[in-house]
């Protein structure tokens with residue numbers, strides 16, 4: 001009996017050690033590429049070299065900020081991602097309410113259709129949108145086409161996140177508000193929206209991030225006058241392979257850090273993760 005207890009303790013200890021090692025290995029696997037990219041952004045060498053850097057310079061950030069393609073793409077990406085976030089949230093909230101709260105004919109088909117952009121490869125989606133927007137609809141404004149394309153690929157994330165907030169929602173709170181004299185719109189604005197706020201914030205961040213980082217769809221919808229930041233970065237890498245790429249990556253890391261700060265200040269990481 002004592003032998004079994006000792007064996008169990010040894011097994012538990014070994015198991016904890018293995019789990020901790022796997023956690024740290026995963027953490028390093030995710031973190032080290034970011035550290036390398038950040039270090040390269042300050043490396044004075046004129047080419048992408050091995051870690052560690054041999055000095056410190058801000059020259060590559062100057063190259064990045066003076067590149068008109070980068071700055072133009074950055075402005076377009078910010079504008080497109082912001083408009084896509086508003087559009088996909090508006091459509092996504094309505095779709096989520098319909099899918100979670102109502103039963104109607106074709107509900108499963110609609111749900112599958114909304115989530116299909118997650119399953120279909122982005123290249124196929126981009127090629128299909130080119131034929132539809134330019135060919136059939138005759139829309140030749142790349143900015144509008146990018147907004148439409150990015151809205152299509154972000155709506156699935158918005159619907160899934162907000163639907164997760166609506167499932168298990170205590171409807172008696174809405175009923176109590178209506179009993180006390182509030183109409184449906186007032187109830188939705190003052191009761192429903194505040195309660196599902198974590199889901200809305202998370203959905204907005206997902207929508208902005210997906211739109212901001214998309215390459216597959218945007219590559220089909222841009223034109224020489226309108227490009228996005230990721231596509232501009234890919235184009236730069238075709239002809240220049242220096243540490244300006246790392247400076248651009250460091251900028252993206254900074255944007256991501258801002259998102260993390262917003263999450264923490266608005267809903268907290270615990271609630272954000274708890275949505276799932």
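In table form, for the structure just shown:
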{"quantity": "Test for residue 148: is it surrounded by 12 or more Cβ atoms within 10 Å (Cβ to Cβ), under 18 Å from residue 232 (Cα atoms) and at pLDDT 80 or above", "calculated": "no"}
{"quantity": "The stretch 132-144: number of residues that are crowded, with 19+ Cβ neighbours inside 10 Å and farther than 25 Å from residue 112 by Cβ", "calculated": "1"}
{"quantity": "Helices (runs of 4 or more DSSP H) (entirely within the stretch 138-254) containing at least 2 residues that are under 14 Å from residue 93 (Cβ atoms) and touching a helix residue (DSSP H, G or I) at 6+ places or on another chain (Cβ under 8 Å)", "calculated": "142-166, 197-213"}
{"quantity": "Any hit, the stretch 129-149, residues being closer than 20 Å to residue 206 by Cβ and free of Cβ contacts under 8 Å to residues at least 60 places away in the same chain", "calculated": "yes"}
{"quantity": "Number of the condition not met by residue 127 [criteria: (1) closer than 30 Å to residue 171 by Cα; (2) surrounded by fewer than 20 Cβ atoms within 10 Å (Cβ to Cβ)]", "calculated": "(1)"}
{"quantity": "Residue within the stretch 69-81 that is under 25 Å from residue 193 (Cβ atoms) and surrounded by fewer than 12 Cβ atoms within 10 Å (Cβ to Cβ) present", "calculated": "no"}
{"quantity": "Any chance residue 167 is touching a residue at least 60 places away in the same chain (Cβ under 8 Å), under 22 Å from residue 193 (Cα atoms) and surrounded by 20 or more Cβ atoms within 10 Å (Cβ to Cβ)", "calculated": "no"}
{"quantity": "Some residue of the stretch 103-110 being surrounded by 15 or more Cβ atoms within 10 Å (Cβ to Cβ) and in the same structural domain as residue 205 (by TED's automatic domain parsing)", "calculated": "no"}
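The values are calculated or read from the model by the stated rules, or taken from the named source; none is laboratory data. Everything numeric here is computed off the predicted structure, so don't read it as measured data. A quick note on method: Cβ atoms are made from the backbone with ideal geometry, for glycine too, and the neighbour counts reach across all protein chains shown.
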